[in-house]
Amino acid sequence: MTIYSSMKTSIYESFKHQKSQGKKSFVVLIDPDEVKTKNIDRIVQLATQAKVDYFFMGGSLIMNDTLDYSISQIKEASNIPVVLFPGGSLQLSYAADAILFLSLISGRNPDLLIGKHVETASFLHASPLEVISTGYMLIDGGVATSVSYMSNTYPIPSNKDDIAVATALAGDLIGMKTIYMDAGSGARTPISESMIRSVSERLNIPLIVGGGIRSAEKALSNVQAGADIIVVGNAIEKDPGLITDMAAAVHSI
Ligand code: 1GP
């Protein structure tokens, strides 16, 4: 019997279950173009020890064809689910467990609201991947980000909590299953606790937050403000040892 991707919900169910229990999740973001093989081994080992909840895989550019290989390396060494966080429609792999099906709802680029979705829908529907509809919101992080440039969209200004709330609510009302607020990889200023709190207080679906988080203290203050899932990439690429303290801080709630 064919199991269509749209029928699979186990990772999203775990997002919702954790939220209903008031528990928080920690995600390590791996850019398969930037992390060398030896770094992946170390990151996966530390992540397994620290009980990291998920790996997200993705980047803004495709430099090579290492995605399948990187995922298979992770799968050999750990049971942590791998979720695709694609920077483009070439970043698809059956080796992953799920994919964030991203709509860039902070922007006004129709290609990233419906165009790419049409291009990839048939592939995804027939794939074994769990597809998680995600309202993706880019928030100004103080530097021009790859996502902003590549998507040809402006981020939401960092002090406009009301616009962030309205955008997240619109995504929820449209029927998206989760909201991902991202200051962009390497953001100088991560998303403020004030904005996270304002959005999370009004949202019933899981809230993912990332971009420029560099310390366990920041990860903790973000979950205290209402983020359900914290994503860290850059800081861990530079210092994989951060995984232990960051995961412990997020799981302490
Ligand atoms: C970027 O939210 C992620 O899309 C993570 O950002 O690499 O800055 O941790 P960093």
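The values are calculated or read from the model by the stated rules, or taken from the named source; none is laboratory data. This is a predicted model, so every value here is computed, not measured. We place every Cβ from the backbone using ideal geometry, glycine too, and count neighbours over all the protein chains shown. Protein only, heavy atoms only, side chains kept; ligands, DNA and RNA dropped before computing areas. Shrake-Rupley method; radii C 1.70, N 1.55, O 1.52, S 1.80 Å.
For the residue pairs Lys23/Lys218; Lys16/Lys160; Lys16/Lys51; Lys177/Lys218; Lys116/Lys238, the alpha carbons lie more than 20 Å apart in Lys16/Lys160; Lys177/Lys218; Lys116/Lys238. Per residue, the solvent-accessible area of region 14-251 (1.4 Å probe, heavy atoms of protein chains only, all protein chains present) comes to 44 Å².
Here's how it looks for Tyr180: its modeled amide H is under 5 Å from those of Gly135, Tyr136, Met137, Ile208, which are all 5 or more places away or on a different chain.
Can you show me the helix-derived [θ] at 222 nm for the chain, built from DSSP H runs with n ≥ 4 at -39,500 (n - 2.57) apiece and divided by the number of residues, rounded to the nearest 500.
That comes out to -12000 deg cm²/dmol.
Computed extension gain for Leu173 through Asn39, at 0.36 nm per residue and net of the alpha carbon distance, reaches 44.2 nm. Taking other residues whose beta carbon is less than 14 angstrom from the beta carbon of Pro81, and scoring Lys, Arg as +1 and Asp, Glu as -1, yields -1.
Using 0.36 nm per residue, how much length does the chain from Ser194 to Ala166 gain when fully extended, once their Cα-Cα distance is taken away?
8.6 nm
Using C-alpha pairs below 8 Å separated by at least 6 residues, the relative contact order for region 14-251 is 21 percent. Taking a ≥ b ≥ c as the square roots of the Cα gyration tensor eigenvalues, with a/c under 1.5 meaning rounded and otherwise prolate when a/b beats b/c, else oblate, which class fits the chain? Rounded is the answer for the chain, as its axis ratio a/c remains below 1.5.
Rolled with a 1.4 Å probe across the full set of protein chains, the surface gives Tyr69 an accessible area near 130 Å². Filter the DSSP H helices in the chain by two things, a Kyte-Doolittle mean of at least 0.0 and an axial alpha-carbon span of 18 angstrom or more, and list the hits by number. The qualifying helices are 161-174.
Counting only protein heavy atoms and a probe of 1.4 Å, the accessible surface of the chain is 54% carbon and sulfur.
From the alpha carbon centroid of region 91-159 to that of region 168-239 is 16 Å.
Only Lys, Arg, Asp and Glu carry charge here, each on its Cβ (+1 for the first two, -1 for the last two); on that basis region 14-251 has a dipole of about 400 debye about its Cα centre.
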